[in-house]
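Written out below as structure tokens is the structure these notes cover.
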Amino acid sequence: DAGVIQSPRHEVTEMGQEVTLRCKPISGHNSLFWYRQTMMRGLELLIYFNNNVPIDDSGMPEDRFSAKMPNASFSTLKIQPSEPRDSAVYFCASSGPGQGGRGANVLTFGAGSRLTVL
Amino acid sequence: AQSVTQPDIHITVSEGASLELRCNYSYGATPYLFWYVQSPGQGLQLLLKYFSGDTLVQGIKGFEAEFKRSQSSFNLRKPSVHWSDAAEYFCAVARSNDYKLSFGAGTTVTVRA
């Protein structure tokens, strides 16, 4: 398995531009998570999907952020318009049901997308 | 809500020496506990996890961790570190059967020759 695949690995954009980050979870995993990592705030959960349905988006900073999961093998995180304070590393992670439902907690992370907004 | 504290921001250890990273959690019931490692420019990789049973758990890369309920701790240990162990280490906790992981702030490990 190729693991969780994220693209792009690096993105540099100017303030006000739209940014789209992409994620392909591990085949067979039914849970998908988007995290943001910054020096100041550490790892923050932005949104959680289960079976392609958004279950918890309470971590999404504001309306400029949106996420979709049109099918089991693809998810996007969009920022429009982007701002310098959105600069961070964005991680996608997926997990499967595992045994007794505990697998949901065992996350496999992608390599991350480093976003710089100028 | 559960929370995780990693008291040490940065640890420097000599190659071949032992390593212990501290993790304390705040949660009323028995939590699910995890240690992840992040190498520079990479995502997080699961080292080990504790759900129940034996309180000493073995992980990958020669790491182990011990769950101590009385101390609300889940410290990570390795008897002899290698230069490749230089990375950032994150402790995480979740409520049983809850998807939401709470991560600690991380401990950066530097290995000197």
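The values are calculated or read from the model by the stated rules, or taken from the named source; none is laboratory data. This one's a predicted model, so the numbers in the text were calculated from it and none came from an experiment. So basically every Cβ, Gly included, is an ideal-geometry build from the backbone, and we count neighbours across all protein chains shown.
In the stretch A:52-62, is there at least one residue being part of a strand (DSSP E or B), more than 12 Å from chain B (Cβ to nearest Cβ) and in contact with a helix residue (DSSP H, G or I) (Cβ under 6 Å, 6 or more places away or on another chain)? I'd like the intermediate steps shown before the answer.
Step one: of the stretch A:52-62, the residues part of a strand (DSSP E or B) are A:53-56.
Checking the rest, the ones that are also more than 12 Å from chain B (Cβ to nearest Cβ) come to A:53-54.
From what's left, in contact with a helix residue (DSSP H, G or I) (Cβ under 6 Å, 6 or more places away or on another chain): none.
No, the stretch A:52-62 has no match at all.
From the list B:GLN71, B:GLN42, B:GLN2, which one is over 27 Å from A:PHE91 (Cα atoms) and either among the β-branched types (Val, Ile, Thr) or modelled with pLDDT under 95 (or both)? Please lay out each step first, then the result.
Values: B:GLN42 fails: over 27 Å from A:PHE91 (Cα atoms); B:GLN2 fails: over 27 Å from A:PHE91 (Cα atoms).
Exactly one residue qualifies, and that residue is B:GLN71.
For the stretch B:21-49, a residue qualifies if it is more than 11 Å from chain A (Cβ to nearest Cβ), over 18 Å from B:VAL111 (Cβ atoms), part of a strand (DSSP E or B) and not small (Gly, Ala, Ser), and the qualifying residues are B:ASN24, B:TYR25.
Residue-wise test of (1) farther than 23 Å from B:SER102 by Cβ; (2) more than 14 Å from chain B (Cβ to nearest Cβ).
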residue	(1), (2)
A:SER82	yes, yes
A:ALA93	no, no
A:LEU107	no, no
A:ARG114	yes, no
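All conditions in (1) buried (at least 17 other Cβ atoms within 10 Å of the Cβ); (2) within 13 Å of chain B (Cβ to nearest Cβ) hold for A:LYS24, with the sole exception of (2). Residues of the stretch B:53-79 that are touching a Phe, Trp or Tyr at 6+ places or on another chain (Cβ under 9 Å), farther than 25 Å from B:GLU15 by Cβ and of a type in the set (Gly, Ala, Ser): B:SER72, B:SER73.
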